[in-house]
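What follows is a single structure, written as structure tokens, with notes after it.
Bear in mind these aren't lab numbers, they're just calculated from the coordinates by the rules spelled out. On a predicted model such as this, the values are computed, not experimentally measured, just so you know. Here the Cβ positions follow ideal geometry from the backbone for every residue, glycine too, while neighbour counts run over all protein chains shown.
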Amino acid sequence: MSYDTRATYKEGMAFDIDLNGHALRVDAGADHGGRNYGPSPKSMMLAGLSGCTGMDVVAILGKMQMPYDSFSIEISAESADSHPHVYTRIHIRYLF
């Protein structure tokens with residue numbers, strides 16, 4: 001499987017991203033030199049994690065023929081206080 005991404009610099013800290021034909025803008029908040037035109041790349045990692053794990057759960061439940069009325073995922077994360085500001089803890093909560 002192949003994934004193609006292109007990030008084009010716009011201004012400040014903002015980039016327009018083309019991800020396999022899907023367009024989005026990422027930026028930083030004013031406290032990091034951006035203008036908050038879009039989510040930060042770091043927060044997009046959590047969005048990707050929620051989508052990826054959610055699709056896995058839906059596929060598994062489908063194979064098990066397990067019915068459910070609703071499903072959502074909440075993710076909270078903590079980041080290091082000093083550089084590099086890596087995630088130090090991620091908590092995933094599945095809500096049915």
Exercise. So is TYR3 among the aromatic types (Phe, Trp, Tyr) and either touching a Leu at 6+ places or on another chain (Cβ under 9 Å) or under 25 Å from GLU78 (Cβ atoms) (or both) or not?
Worked result: yes
Exercise. Are any of the residues in region 32-52 under 25 Å from TYR3 (Cβ atoms) and in contact with a His (Cβ under 9 Å, 6 or more places away or on another chain)?
Worked result: yes
